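The values are calculated or read from the model by the stated rules, or taken from the named source; none is laboratory data. Predicted model only: the values in this text are computed from it and were never measured. Cβ: placed from backbone, ideal geometry, glycine included. Neighbour counts: every protein chain shown. Protein only, heavy atoms only, side chains kept; ligands, DNA and RNA dropped before computing areas. Shrake-Rupley method; radii C 1.70, N 1.55, O 1.52, S 1.80 Å.
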Amino acid sequence: MIPRLRPNLGLADYTALFKSAPIEAFEARFATLMGQEHAIAFSYGRSGLLFLLKALGLQNQEVICPAYSCVVVAHAIVLSDNRPVFIDSDMGGFNMDLEQAERAIKNGAKVIIATSIHGYPVDLDKLDALQKRYPDVIIIQDCAHSFAAQWQGRPVQQAGRAAIFGLNISKLMTSIFGGMVTTDDAALAQSLRALRDLEQKPVGYLKNWQRRAYLIAASTALHPLCFEWVCRIQKWGWIDRFTQYYDETLIDMPVDYTSAMASVEAAVGMAQCDRYPELIDHRRRIAHLYECELQDVDGLELPPIIDGATFSHYVPQVSEPDALLEKMAAKGIELGRLIDYCIPDMEAYAPYRSVDFDYPVTRALNQRVINLPLHVDERLAQRIALDLRQTLQT
Ligand SMILES: *Cc1c(COP(=O)(O)O)cnc(C)c1O
């Protein structure tokens, strides 16, 4: 069985697993990689966002974020004592509709979390124009799906006050868990670091060994040879609690969200930084292969081709994803359904619904988007494309 995702780990990454590295070394390496002055490491991407909002001195403010995004972003906004304002996606795209975002700014929102979802770069020209019209608005780039995606040659992470990154095993590169905030603003970097160091709990041997064990277990379980068995166990519901990352009714954070990044995570993160061009190149090649092989398949709407996309996911749309997922699973291929929820429609977010905005595009994406494995090599990708074509044609 081919899993829908698997971290891209090479020999150097596995070797790094038995080393440790100073967090500061990983931060410096990451900042250089992203072309930014400062990087500050956290236990999760969402912790980074929460501390960033605090370090910016924001409280009781309206923070604009996409309705079509990972729910942990909204959690970080609420738990930093601010209020999310959810905005629908652009018609025909995945990213937030910036015209609607402007309406929210006119209503008083002070911050915008511009997200380049699935690796598709946010439109920086529109964002620049917005910043010009509203110079006081703070732009934060959510790059968890889009490490170094580029809008017409400009890296998205550099176009705002700060950018956040998630580094868990489902992301473009990993430090096991962990997250980063990058910025060119020295004063902001300093206050964010000070705030983090004040609240952060130190990490001992235990967390380091837990993280090692986790990565070894995850990468083994997600090996095609083992994944078959994992799926059988999953059917019994045993490991649901390890894979379910949210609860419809709760706005919360992982229990260790204020703990420091473990030094083994920094070591793995540094090894991944070294392999970063290769990691992105692999995703682009496989996405391009799907693009070529899946042209003109009836019932399959392919994602747009945009230069500068880094493809955290390859996301076609179909009318009945669950039926397709089931048929493909029977052929030994797991496809994913990535963001199958609209955040403001979730029970926990009922208090944050606004009559001013609606989410028809997000809801359509929720019901249509699937994602194909990008971790596979060319030969396997060919097979997946062929099986998908045949399944949709019968
Ligand atoms: C994964 C993700 C994050 C941060 O995730 P963590 O799990 O907290 O590291 C932020 N935004 C988006 C869109 C994500 O997918």
Suppose every K and R has +1 on its Cβ and every D and E has -1 on its Cβ; what is the size of the dipole of the chain about the Cα centre, in Debye to the nearest 20?
920 debye
From the Cα centre of region 166-184 to that of region 47-66, the distance in Å is 18 Å
Residues listed by number, region 95-124, amide nitrogen under 18 Å from VAL355 label point at 7 Å toward C-beta
104, 107-108
Over the chain, with a Gaussian network built from C-alpha contacts below 10 Å, which listed residue (VAL63, VAL255, VAL111) shows the highest mean-square fluctuation?
VAL255
Any idea of the accessible area per residue across the chain, 1.4 Å probe, to the nearest Å²?
43 Å²
So which lysines can LYS19 reach, going by Cα to Cα under 26 Å and dropping same-chain residues fewer than 8 places off?
LYS171, LYS201, LYS207
Using a 1.4 Å probe over the heavy atoms of the protein chains, calculate the carbon and sulfur portion of the accessible area of region 215-286 as a whole percent.
61 percent
Set Lys and Arg Cβ to +1 and Asp and Glu Cβ to -1, take the dipole of the chain about its Cα centre, and tell me which of PHE18, CYS231, TYR352 lies farthest positive.
PHE18
Whole-percent carbon and sulfur contribution to the accessible surface of region 17-134 (1.4 Å, no ligands, DNA or RNA) stands at 48 percent
If you wrap a convex hull around the C-alpha atoms of region 86-240 and split its volume per residue, what is the figure in Å³?
180 Å³
Suppose accessible area is computed on protein heavy atoms with a 1.4 Å probe; arrange LEU250, LEU392 from highest to lowest.
LEU250, LEU392
Using a Förster distance of 22 Å, how high is the FRET efficiency between LYS201 and GLN244, based on the Cβ-Cβ distance and rounded to 0.05?
0.30
Each residue of region 376-389 in turn: what ³J(HN,Hα) in whole Hz from Karplus with 6.51, -1.76, 1.60 and θ = phi - 60°, glycine and Pro shown as x?
6, 8, 4, 5, 5, 4, 4, 5, 4, 4, 5, 4, 5, 4
May I ask you to derive the FRET efficiency for ARG161 and THR394 from their Cβ-Cβ distance with R0 = 41 Å, giving the value to the nearest 0.05?
0.20
Cα→Cβ-extended label distance, 7 Å offset, between MET91 and LYS235, nm
4.4 nm
Direction-averaged shadow area of the convex hull around the Cα atoms of the chain, nm²?
18.0 nm²
To the nearest 0.05, the calculated FRET efficiency linking GLU228 and ARG83 through their beta-carbon distance, R0 being 41 Å, is 0.35
